[in-house]
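The values are calculated or read from the model by the stated rules, or taken from the named source; none is laboratory data. Everything numeric in this text was worked out from a predicted model, so none of it was measured. Counting neighbours? That spans all protein chains shown, and the Cβs are built from the backbone with ideal geometry, glycine included.
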Amino acid sequence: MRNTIVGAMLGLLFLAGLFALSKYAPQPVVAQSPALVAAKIEPGFTGSQRIGPWILVCDPPAETQAAIPFSWGSSKRAPVAATGDSVGRCRTILAFRRKTNPKQIILLITFRTIAHGQRLAMIVHMPPIAKKGDAVSLVWGKQGFTIPVSDCNKSACAAMGALDSRSEAQLGRLKGANLLLPPAANGKRPVVGVPFAGLQQALGAMRRAEAGG
């Protein structure tokens with residue numbers, strides 16, 4: 001597949017901000033069972049629904065994108081999704097917000113289906129601390145996978161890659177993982193803890209919603 005990505009899929013969704021790992025975190029989660037919430041998602045679902053710390057957002061079929069409920073919107077290297085891949089109408093999002101200003105999104109992790117739902121792609125939007133070709137890694141223990149930074153502008157950078165079936169299955173068995181961003185000025189890679197509570201249920205609900213059109 002060509003090393004290109006759909007520009008619309010990689011829309012840079014957040015305002016630029018200073019990158020301080022100690023000052024941001026995922027949105028607080030309402031104490032409700034992700035399994036119970038996800039079970040209510042029916043085929044053809046549109047709109048948004050929080051499932052654990054993750055948010056499922058599904059656009060109406062063949063229409064404009066649904067509003068995101070924010071203030072603005074096994075190989076070591078996973079293959080990059082190509083322009084020709086069919087992108088699902090839903091996405092599962094984890095937003096990291098600045099603790100001192102919860103309205104400001106600092107980092108986004110998004111999962112979407114490609115190739116008519118047969119594969120899962122991971123997209124990471126981050127502040128402009130990287131350059132095209134830099135690596136972003138999701139690791140747990142001695143395992144993990146790496147995706148390349150595909151695009152940058154003055155406000156943000158985006159990395160994207162498609163997961164194979166083995167990597168996707170592993171995500172469902174984990175409590176969490178670490179996201180390693182490109183090296184900072186000191187040469188060290190910033191590390192972001194990613195909770196996976198509710199992710200398996202959210203991804204299942206996402207595929208179920210898309211199955212209805």
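Some notes on this structure:
- Residue satisfying all of: in the range 164-187; farther than 14 Å from residue 135 by Cβ and in contact with a Leu (Cβ under 6 Å, 6 or more places away or on another chain); surrounded by the fewest Cβ atoms within 10 Å (Cβ to Cβ) among these: 168
- Taking the conditions (1) assigned to a strand (DSSP E or B); (2) closer than 13 Å to residue 128 by Cα; (3) more than 13 Å from the chain's Cα centre (by Cα) in turn, residue 159 satisfies each one other than (3).
Residue-by-condition table, conditions (1) in contact with a Ser or Thr (Cβ under 8 Å, 6 or more places away or on another chain); (2) within 23 Å of residue 35 (Cβ to Cβ); (3) not in a helix (DSSP H, G or I):
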| site | (1), (2), (3) |
| --- | --- |
| 113 | no, yes, yes |
| 123 | yes, no, yes |
| 132 | yes, no, yes |
| 139 | no, no, yes |
| 178 | no, no, yes |
| 182 | no, no, yes |
| 188 | no, no, yes |
| 201 | no, yes, no |
| 210 | yes, yes, no |
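- The selection criterion, being under 15 Å from residue 207 (Cβ atoms) and modelled with pLDDT of 55 or more, does not hold for residue 96.
- Restricting the range 115-157 to residues that are among the aliphatic types (A, V, I, L, M) and more than 21 Å from residue 86 (Cα to Cα), the residue that is surrounded by the fewest Cβ atoms within 10 Å (Cβ to Cβ): 139
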